[in-house]
Amino acid sequence: MNLQKLSEISTQPSRRAVVLALALVLAACSGTATRSPDRVAFPRGERGASGAETEDGALTLPPGSEQRGAAGELEPVDDGLFSAVRAALERGDWMAARLALPRSQATDAAITAGDASVPASPGAAPLLATELWTRYYQARIAHLRGDLEEHTQRLDELRRLALPAPLELELLDHELFLAMLREDWSAQFALARRLEALGGSRRFDLPAARDILWQAAQHLRVARDASEGSDPIARGWLDLAASARSEGPARDRAAALQAWLNSYPQHPGAEIARALGAGVLEDAAGNAYSLLLPLSGALAPAGDAVAQGAFAAFYAEPSRGVALDVTDSRRFDTIEAALGSRGDTPPAVTLGPLGKRQVAELIAMAPTALRFLALNRPELPASATQVMQLALAPEDEARQLAELAFADGARRVLLIRPEGVWGDRIGDALLSRWSSLGGQTAAIARYDKAAGYSGVLREALGLDGSDERSRRLRGLFVAPVETSGRRRDDLDAVFLLTPGSDEARALKPLLDYHYAGDLPTYALSTIDAGGVDPARDGDLEGLRLLAMPWRVGRGIVPGLDANRAAGSFDALHALGVDAYRVARQWSALHSSARPVYQGLTAELRADTDGVLRRRLVAAEFDRGRLRPR
């Protein structure tokens, strides 16, 4: 008997709750699970229509969303009923969470008699509400196990049912989290709008929901469907994003934002519009910019590439009356001395310095009225309010790479990383995010010299044991016996961290050779040498990576000929272009509006500490060419 048949024969109102509960029990199926992410979705305390909790922590269902027993009495789910499940998920013990899921306490006789309530006891929960929450946790466990098909099936079943308001909020919370992992901007916008209308959830409070709405709206460039067109709040967010993207002189952009305010004076995004408009006008007043870069010494090639990119962007800009100069930071003993050499009229924004030591020195200086766009990120976060930091930091990519692999369904991985400080730093950043999501690391292969690549991979993939089993098998027979190696079978994917493309071109074919070619392999943008070289990049076939937007055709880099051979400093040239354009929008990007800037090297958004966080584009090598996924 299926759910549809049950719904057809259930025509007596007094038995509808019983039949729905029975349908849920019949439709439920068991499964195995893996580690959970650091997210446990369950109401801790009462939530009304606004999603707020009461001080006593008791859980009740808000009006209009009650689950009632056969007699019609309201019986809330006991908050302690799933406490063991929550605790197990928090520590990543999927088996304990699976075993802690409650079983139905309703007997066949009780169902036949039309009594859908569990036996009376202090804090007892109604059968139907318990089954709904159990179904939700089964979906969570399936997702964390990596069984995306079962997860989707269970969520689809839940969406077809009338859920209690607390469970509806938790489901929205979970779906929004998944949409953010997938970078599905349409889904993020729709789900965050629903959470905004409900006052937020436990995971995403009202400010967080509105911030997600603002981010998602900036990625949506077309009108949405008619139902959302009738929602003035949703329409207002989309119109605000369109006003923020308006082209032309700064005063025209500020006027567009003011026109939006006139149309939506009470909109939740009004404060964003005001902050953004003020930042646009402030940026329009700037007419002098200065580069503070190493043009001599060991960092001279890198500094020169950044400077060339900045000047290429400067000459490509149609505005007049704007000046850009450059100072060699290596000519001075301190950053303070370099700043003092530039005369009495300070520039609107100084771009640089580039070296980590000099950036740390700049941040350690006393607060100053000067504005800086530092082109590196020191170990400690910035504390100076007049400094924004823009860097090609691979740590940002490592965290995004973990999210990409988790969204694809990987749960147990092999990490391949180099020995040394770079490998420690990037590997730690990746594994920290990976474990917080619920991923597990089955093995870590640390490589040093190219001659040892094969041995390191063989050990990590468990092939030494496979060879020993083959030798024993051949020893049992007089005639020759053909055998083939078999790698360990508990891996879902591989993280391949390399600081350059040469290591990747050597390691990826070795993975294929050692029977791991079927595993999805994920890498940073550092493996991309730039340019187009199908002959050499054929060794990277199928590799999934994070790519800079300009590398997959999203934007033209001024000063670079797309048809010429790739240069080792092309990424720094593109960074120089982004740096100049960001400096021209310094006040708007640094404001409380925190708009998204679509750069050539990454999508950029200022964090509250002034760091411009980077998000790259998911890409893949296909027949030797880099293509977006």
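The values are calculated or read from the model by the stated rules, or taken from the named source; none is laboratory data. Small disclaimer: the values here were computed from a predicted structure and weren't measured. Here Cβ is always computed from backbone atoms with ideal geometry, including for glycine, and neighbour counts include all displayed protein chains. Accessible surface is based on the protein model in full, side chains and every heavy atom, while ligands, DNA and RNA are left aside. Shrake-Rupley method; radii C 1.70, N 1.55, O 1.52, S 1.80 Å.
Remarks
- Among residues of segment 569-626, those that are closer than 16 Å to Val349 by Cα, open to solvent by 10 Å² or more (accessible area, probe 1.4 Å) and of a type outside the set (S, T, N, Q), counted: 3
- Of all residues in segment 426-438 being touching a helix residue (DSSP H, G or I) at 6+ places or on another chain (Cβ under 6 Å) and at negative phi, the one that is surrounded by the fewest Cβ atoms within 10 Å (Cβ to Cβ): Arg433
- Any hit, segment 410-418, residues being touching a Leu at 6+ places or on another chain (Cβ under 7 Å), open to solvent by 30 Å² or more (accessible area, probe 1.4 Å) and either among the acidic types (Asp, Glu) or modelled with pLDDT of 90 or more (or both): yes
- Once segment 355-377 is narrowed to residues that are assigned to a helix (DSSP H, G or I) and out of contact with any helix residue (DSSP H, G or I) (no Cβ under 7 Å at 6 or more places or on another chain), the residue that is most open to solvent (accessible area, probe 1.4 Å) is Arg357.
- Scope segment 241-273; condition under 15 Å from Asp283 (Cα atoms), open to solvent by 70 Å² or more (accessible area, probe 1.4 Å) and under 31 Å from the mean Cα position of the chain (by Cα); matching residues: Glu247
- Look at segment 601-629: where a residue is of a type in the set (Ser, Thr, Tyr) and a partner is buried (at least 21 other Cβ atoms within 10 Å of the Cβ) and part of a loop (DSSP other than H, G, I, E, B), sitting 6+ places away or on another chain with Cβ atoms under 7 Å, you get Thr601/Met548.
- Any hit, segment 175-192, residues being within 19 Å of the chain's Cα centre (by Cα) and not in a helix (DSSP H, G or I): yes
- With respect to the conditions (1) open to solvent by 10 Å² or more (accessible area, probe 1.4 Å); (2) modelled with pLDDT under 95, Arg193 lacks only one, and its number is (2).
For (1) of a type outside the set (A, V, I, L, M); (2) part of a helix (DSSP H, G or I); (3) closer than 19 Å to Leu589 by Cα, each residue gets a yes or a no:
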position	(1), (2), (3)
Gly236	yes, yes, no
Ala242	no, yes, yes
Gly248	yes, no, yes
Asp252	yes, yes, yes
Ala255	no, yes, yes
Ala259	no, yes, no
Pro265	yes, no, no
Leu276	no, yes, yes
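- Odd one out for Arg182 among (1) open to solvent by less than 20 Å² (accessible area, probe 1.4 Å); (2) more than 24 Å from Ser230 (Cβ to Cβ); (3) touching a residue at least 60 places away in the same chain (Cβ under 8 Å): (1)
- Options Arg145, Arg140: the member that is open to solvent by less than 10 Å² (accessible area, probe 1.4 Å), in contact (Cβ under 8 Å) with a residue 40 or more places away in the chain and among the charged types (D, E, K, R): Arg140
- Listed by first and then second residue, the pairs linking a residue in segment 272-287 that is in contact (Cβ under 8 Å) with a residue 40 or more places away in the chain to a residue that is among the basic types (Lys, Arg) and part of a helix (DSSP H, G or I), with Cβ atoms under 7 Å apart and 6 or more places separating them unless they lie on different chains, are Val280/Arg253.
- Against the list (1) at pLDDT below 95; (2) open to solvent by less than 20 Å² (accessible area, probe 1.4 Å); (3) of a type outside the set (Val, Ile, Thr), the condition Ser227 fails is (2).
- Residues of segment 395-409 that turn out to be charged (D, E, K, R), closer than 19 Å to Gly146 by Cβ and assigned to a helix (DSSP H, G or I), as a count: 1
- Wholly within segment 560-629, strands (runs of 3 or more DSSP E) carrying at least 2 residues that are at pLDDT 95 or above and under 18 Å from the mean Cα position of the chain (by Cα): 603-606, 612-615, 617-622
- Matching entry among Leu291, Leu213, Leu281 (being of a type in the set (A, V, I, L, M, F, W, C), open to solvent by less than 60 Å² (accessible area, probe 1.4 Å), assigned to a helix (DSSP H, G or I) and under 28 Å from Leu390 (Cα atoms)): Leu213
- Among the residues examined, Arg330 does not qualify as of a type in the set (D, E, K, R) and either assigned to a strand (DSSP E or B) or free of Cβ contacts under 8 Å to residues at least 12 places away in the same chain (or both).
- When the criteria are applied in full, Ala384 fails the requirement of being at pLDDT below 95, surrounded by fewer than 16 Cβ atoms within 10 Å (Cβ to Cβ) and not in a strand (DSSP E or B).
- Single condition Asp528 does not satisfy, out of (1) open to solvent by less than 40 Å² (accessible area, probe 1.4 Å); (2) touching a strand residue (DSSP E or B) at 6+ places or on another chain (Cβ under 7 Å); (3) modelled with pLDDT of 95 or more: (3)
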